[in-house]
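Enquirer: Below you'll find the structure I mean.
Nothing in this text is a laboratory measurement; each read-out follows from the coordinates by a stated rule. Computed from a prediction, not measured in an experiment: that's the story for all the values here. Positions of Cβ are generated from backbone atoms using ideal geometry, with glycine treated the same way; all protein chains shown enter the neighbour counts.
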Amino acid sequence: MKTQIYHIKETREAIWLEAAGKILAEGGLVAIPTETVYGLAANAMDEKAAAKIYTAKGRPSDNPLIVHIGDMKAMEQLVSEFPETAVKLAEKFWPGPLTMILPKRPEVPYGTTGGLETVAVRMPSHPVARKLIASSGIPLAAPSANTSGRPSPTRAEHVYEDLNGKIDMILDAGPVGIGIESTIVDLSGDVPMILRPGYITEAMLSEVIGEVRMDPAILSENKDKNFRPKAPGMKYKHYAPKGELLIVSGESAKVVEKITEMASGKIAEGYRVGIIATDETFAAYQASETCYGASMTVMSIGTRKDEATISHNLYDILRRMDGASVDYIYSESFAEGSRGQAIMNRLLKAAGHQQIYVE
Ligand code: TXA
Ligand code: MG
């Protein structure tokens, strides 16, 4: 299959809208930008189209897809119950990076929901996603547009890397803003429960709807297999770079010292090492990077003063580490409050929960 690529900024809107809409109507796959990450879209109401998503991504078939809608009317087509909590959250956070799980209507195929009686719905705010949904009139099933298990794509180049030749089209609108996937909240039970932390935090949700619980499986202290995550996709090793990733936590100067020491050790054994630093510590690794040349790659993920910079760069850095062909990656860690929770959730998954603390 030849994957067509449309650069949104250089193409007339009517042209890409029509071309992408046609593919979707015919049951094909189009990678689209959203404000969180790029998604791989197909007609959510067409089981055969949804099945193609699983094949292209190499995704396990029990891992349900998120349905992207353009307006509240589309909810009637998708969900059989629309509780007050969901109405309030939609009013406050849609369009935006929040996904709600609700009981599905019979018309929503099991091929889209991974066999579940519930459906995940989100109204994205990215103008390209919004325009495409509005003009095609199709609710779009769209997981992240990466090969299953790889870091989610935050640039069209990432989608191309993973899916070129496997999908019909990529709409390239440049890098996305947020950089990590939407917050998922399950509203199908008695108490709303966060199944995946994201840009919209627990505190922001409970301000609108009161009590919100956190799926115990996503808290880092419950990393054992005993906690089975309620979002099927959260149980897989995910976002993984090719190099082995270890997270180092503790007081900043000690972390720098420990990472430098471990990196030197691996380099002495003949390995290539990557270091994920922050703007605050980047300079502290410079002397070692200069001394070890190509064996050591240091990248700053952003500044601790603004967590948005860190989530924005996270997946891109993991992919760039792959590009640098490093065998081991050492990353600093981040406070788990507020937005940091989503960052650490993704980083810990990428590391297969390998984390050490330095005193
Ligand atoms: O920001 C996002 O949410 C991006 C963009 C493209 O919208 N999408 C995304 O999709 O991250 P995906 O497929 O990579 O992640 C969807 C997650 C999976 O963990 C899946 O198991 C969970 O949502 N999920 C979907 N439907 C569900 C349901 N009915 N019940 C529980 N979990 C569900
Ligand atoms: Mg994904």
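Enquirer: Just report the Cα centroid separation between region 307-342 and region 137-212, whole Å.
Expert: Comparing the Cα centres of region 307-342 and region 137-212, I get a distance of 17 Å.
Enquirer: Something else now. Could you tell me the relative contact order of the chain? Use alpha-carbon pairs under 8 Å, at least six residues apart, and round to a whole percent.
Expert: Relative contact order of the chain: 19 percent.
Enquirer: While we're here: Would you mind telling me which residue in Pro232, Pro143, Pro192 has the biggest mean-square fluctuation in a Gaussian network model of the chain, where springs connect alpha carbons within a distance under 10 angstrom?
Expert: Pro232
Enquirer: What residue among Glu117, Glu336, Glu251 shows peak mean-square fluctuation when the chain is described by a Gaussian network model with Cα springs under 10 Å?
Expert: Residue with maximal mean-square fluctuation among Glu117, Glu336, Glu251: Glu251.
Enquirer: Here's a follow-up. For n ≥ 4 DSSP H runs only, could you compute -39500 (n - 2.57) per run for the chain, divide by its residues and tell me the 222 nm figure to the nearest 500?
Expert: When only DSSP H runs of four or more count, the value is -10500 deg cm²/dmol.
Enquirer: Another question about this same structure. In what order do Arg155, Arg122, Arg196 fall by count of nearby beta-carbon atoms within 10 Å, going from fewest to most?
Expert: So the ranking, lowest neighbour count to highest, is Arg155, Arg196, Arg122.
Enquirer: If you don't mind, there's one more thing I want to ask. If you place +1 on the Cβ of every Lys and Arg, -1 on the Cβ of every Asp and Glu, and leave all else neutral, what size is the dipole of region 258-317 about its Cα centre, to the nearest 20 Debye?
Expert: Roughly 160 debye, rounded to the nearest 20.
Enquirer: Can you work out the FRET efficiency for the pair Ser206 and Glu269, with r the C-beta to C-beta distance and R0 = 41 Å, to the nearest 0.05?
Expert: Working from the Cβ atoms, E equals 0.25.
Enquirer: Further, regarding this structure: For His353, His158, what ranking results if the residue with the fewest other Cβ atoms within 10 Å of its Cβ goes first?
Expert: So the residues, fewest neighbours to most, are His353, His158.
Enquirer: Quick one: pull the percentage of alpha-carbon pairs in region 42-135 with a separation above 21 Å.
Expert: 31
Enquirer: Of Leu102, Ile178, Val67, which is farthest towards the positive pole of the chain's charge dipole, taken about the Cα centre with +1 and -1 on the beta-carbons of Lys, Arg and Asp, Glu respectively?
Expert: With unit charges placed on the Cβ atoms, the residue in question is Val67.
Enquirer: For region 274-359, restrict the atom set to alpha-carbon positions and state the Rg and Dmax in Å.
Expert: Final numbers for Rg and Dmax: 12.7, 38 Å.
Enquirer: Among Tyr330, Tyr292, Tyr285, rank each residue by its count of other Cβ atoms within 10 Å, from fewest to most, as a rough exposure measure.
Expert: Starting with the residue having the fewest Cβ neighbours, the order is Tyr292, Tyr285, Tyr330.
Enquirer: Given +1 on the Cβ of Lys and Arg, -1 on the Cβ of Asp and Glu, and no further charges, what dipole in debye does region 63-178 carry about its Cα centre, rounded to the nearest 20?
Expert: So the magnitude is around 140 debye.
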